[in-house]
Amino acid sequence: MKLTKKDFKNGEYIGEIDFTTKYEGSIEIEGGLGWVKFKRLQVSGRIVADCGTGISAGWGISAGTGISAGMSISAGWGISAGTGISAGMSISAGMSISAGWGISAGEGISAGEGISAGTGISAGEGISAGTGISAGEGISAGEGISAGTGISAGEGISAGEGISAGTGISAGEGISAGEGISAGEGISAGEGISAGEGISAGEGISAGTGISAGEGISAGEGISAGTGISAGEGISAKLTLKAGYRIFAGISRWVKSPTTGQLQIKCGKFEGGEICYGNLVETGLPEDENVNQRAVSPCDHKQTTPFCSQCGAKL
């Protein structure tokens, strides 16, 4: 079914079909109409808005297969698609956004609740969610990525600006940010972790290969890297610190003479790696037996995230 200019008045849908209940079939909306508005838009098939037309619904938008628009897609409630969701401009929802396949936008993606995709999520600008962001494949944004809870990807996570999560961040491959990376809980990557500014985690930081930051690196628990660790400023881990290769601290190109703090490599216990630049300070592990065991023993892997925030193992 195709909707044309005659089905809208001042952008509001006035057609005969009631889309507040599920329409059995697919719809195509004529291009060049600008924003077109529905109370709710539900179809069993696909929703396509041609070039120059954006879709808006005060309630939700849902399709049994895909949703695509030449301009933006916006809903006061949720947006869901059995396959993919794509927009030439932005995608936004007052509640959640979910797709069986990928989600892509030429500009930003934002949701009041979570964002989830069976494959990848990509945005020309930022990605933000009130709760979590998850993708079966990679997550990429031209600007920042932020989530009220966790961020997880089966492949890599990359952002032109910063990455922040209220709980953990996990990736099957690498994590990279043009600015800082911060998590309320752990950060884990199957490959490397890199940030143009600092990296901080309320719990552990682990990478299958290297960890590098333009500023400091800090973890409420341990830090481990399969290869090397480098930081423009200091490195701090409350529990253990371990690297497969070399460790550098205080190597920022913007500092003429690093301070004692910027050169400090502070940890509860140093477990391996060659310190090539910086000063090691071991503070000792906490007396709490449970914390000590977690610092020196294998993880119990009882977490609900796709990857362990301590060792980076796939769960």
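Values quoted throughout were computed directly from the atomic coordinates according to the rules given, and no laboratory measurement underlies them. If you're wondering where the values come from, they're calculated on a predicted model, not measured in any experiment. FYI the Cβ positions are ideal-geometry reconstructions off the backbone, even for glycines, and counts take in every protein chain you see.
Things to note:
- From the list SER122, SER146, SER140, SER134, the one residue that fits, being more than 21 Å from THR83 (Cβ to Cβ), surrounded by 21 or more Cβ atoms within 10 Å (Cβ to Cβ) and polar (S, T, N, Q), is SER146.
- Total residues in segment 1-17 satisfying the condition of being small (Gly, Ala, Ser) and surrounded by 13 or more Cβ atoms within 10 Å (Cβ to Cβ): the figure is 1.
- Residue check, ILE217 surrounded by fewer than 21 Cβ atoms within 10 Å (Cβ to Cβ) and of a type in the set (A, V, I, L, M, F, W, C): no
- Where TYR245 falls short, out of the listed (1) touching a strand residue (DSSP E or B) at 6+ places or on another chain (Cβ under 6 Å); (2) assigned to a strand (DSSP E or B); (3) of a type outside the set (Val, Ile, Thr): (1)
- Hits in segment 86-124 - residues which are closer than 21 Å to ILE27 by Cβ, part of a strand (DSSP E or B) and either of a type in the set (A, V, I, L, M, F, W, C) or in contact (Cβ under 8 Å) with a residue 60 or more places away in the chain (or both): ALA87, ILE91, ALA93, ILE97, ALA99, ILE103, ALA105
- Of all the listed residues (ILE85, ILE79, ILE139), the sole one being over 21 Å from GLY34 (Cβ atoms) and among the aliphatic types (A, V, I, L, M) is ILE139.
- Residues of segment 18-56 satisfying the condition of being of a type in the set (A, V, I, L, M) and exposed (fewer than 14 other Cβ atoms within 10 Å of the Cβ): none
Yes or no, residue by residue, for (1) over 15 Å from the mean Cα position of the chain (by Cα); (2) farther than 21 Å from GLY160 by Cβ; (3) surrounded by 21 or more Cβ atoms within 10 Å (Cβ to Cβ):
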position: SER176; (1), (2), (3): no, no, yes
position: GLY184; (1), (2), (3): no, yes, no
position: SER188; (1), (2), (3): no, yes, yes
position: GLY204; (1), (2), (3): yes, yes, yes
